[in-house]
Amino acid sequence: MFRSRQLLRSVLIVFIFALLAAAQSPQPDCVNPSDPMVVDYFKAARLAEYRNDQRTAVTYHLKILESEPNNECVMTILSGLFGKMKYYQEAITWSERAIHANPNYNYAYISLGNAQVALRDTDEAKRSFKKAAELAPRDPMPYYRLGVLADEQQKYPDAVKFYKRAIEIDPKFEDAYYDLAGVLKDLKRSAEAKAALKKLLELNPNAKDAQQLLKQIERDAP
């Protein structure tokens, strides 16, 4: 599924929060596997997330923290869940708690940056994403988020640089190819934009947004 470059920023933010929450939850070391009650709470929270019942998921994660009060992974999941519900200040609070528990937990900085973007604190968001990249240089998401931020600010050369870095780390990062192509189109670099879309379509031949954008570029600049 690909986001149109014309979608409202709020849609993007909710998507990224949902992505982050989903990415965090399956981690096998997120909770203590030797505590059956905590494991059951975690499974119940995952089921609630699957049903898109964010409030119930929050309740179960809070129960986990009663047993594991310094669990930075669960705190970051809570940040993502509150962000998905558009409670951005709560999302910041939980990200900061996760960072306090573990200053080297890169996912917490990504979640913090997402909330800061939602609250239009772009300078702080940039710092958060850069810190996440510093802590986990082989994670493509901080670079992708930096690219999206630069894209929204119409700093297109920076956006190209960050999108390309995300793709270099993860050559199957479909959204990064799509957004890169959109920026290259805006920069009148049609050949490069078409190359990015063709690579994306090799990965996912059914990507309709990519097909449409490629047709548009070929029509406007064959």
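Specify which of the listed residues (Tyr107, Tyr88) is in the same structural domain as Leu47 (by TED's automatic domain parsing), within 29 Å of Lys199 (Cβ to Cβ) and not hydrophobic (A, V, I, L, M, F, W, C).
Result: Tyr107 is the single residue among Tyr107, Tyr88 that is in the same structural domain as Leu47 (by TED's automatic domain parsing), within 29 Å of Lys199 (Cβ to Cβ) and not hydrophobic (A, V, I, L, M, F, W, C).
Going through the range 110-138 one residue at a time, which ones are within 11 Å of the chain's Cα centre (by Cα) and within 16 Å of Ala166 (Cβ to Cβ)?
Selection gives Ile110, Gly113, Asn114, Phe129.
Hey, Asp175 hits all of (1) closer than 17 Å to Pro157 by Cα; (2) part of a helix (DSSP H, G or I) but one; which does it fall short on?
Only one criterion in (1) closer than 17 Å to Pro157 by Cα; (2) part of a helix (DSSP H, G or I) is unmet by Asp175, namely (1).
If you check every pair at least six apart or on different chains, which have Cβ atoms under 7 Å apart with a residue in the range 82-97 that is surrounded by 24 or more Cβ atoms within 10 Å (Cβ to Cβ) first and a residue that is of a type in the set (Ser, Thr, Tyr) and part of a helix (DSSP H, G or I) second?
Gly83/Ser111; Ala91/Ser79; Ala91/Ser111; Trp94/Ser79; Ser95/Thr76; Ser95/Ser79; Ser95/Ser111
Of these, Ala132, Ala181, Ala166, Ala207, which one is of a type in the set (Gly, Ala, Ser), crowded, with 17+ Cβ neighbours inside 10 Å and assigned by TED's automatic domain parsing to the domain that holds Ile77?
Being of a type in the set (Gly, Ala, Ser), crowded, with 17+ Cβ neighbours inside 10 Å and assigned by TED's automatic domain parsing to the domain that holds Ile77 holds for just one of Ala132, Ala181, Ala166, Ala207, which is Ala132.
Would the range 135-157 turn up any residue that is assigned to a helix (DSSP H, G or I) and more than 30 Å from Ile217 (Cβ to Cβ)?
yes
Of the residues that make up the range 8-21, is at least one basic (Lys, Arg), at pLDDT 90 or above and part of a helix (DSSP H, G or I)?
No, the conditions are met nowhere in the range 8-21.
Tell me which of these Thr122 doesn't satisfy, since it passes every other one: (1) surrounded by 16 or more Cβ atoms within 10 Å (Cβ to Cβ); (2) touching a Leu at 6+ places or on another chain (Cβ under 9 Å); (3) hydroxyl-bearing (Ser, Thr, Tyr).
Unmet condition: (1).
One residue is enough: does the range 151-160 have a residue meeting the conditions buried (at least 24 other Cβ atoms within 10 Å of the Cβ) and either touching a residue at least 60 places away in the same chain (Cβ under 8 Å) or out of contact with any Lys or Arg (no Cβ under 6 Å at 6 or more places or on another chain) (or both)?
Yes, some residue in the range 151-160 is buried (at least 24 other Cβ atoms within 10 Å of the Cβ) and either touching a residue at least 60 places away in the same chain (Cβ under 8 Å) or out of contact with any Lys or Arg (no Cβ under 6 Å at 6 or more places or on another chain) (or both).
The values are calculated or read from the model by the stated rules, or taken from the named source; none is laboratory data. Keep in mind that this is a model prediction, so the values were computed, not measured. Neighbour counts run over all protein chains shown; Cβ positions are idealised from the backbone, glycine included.
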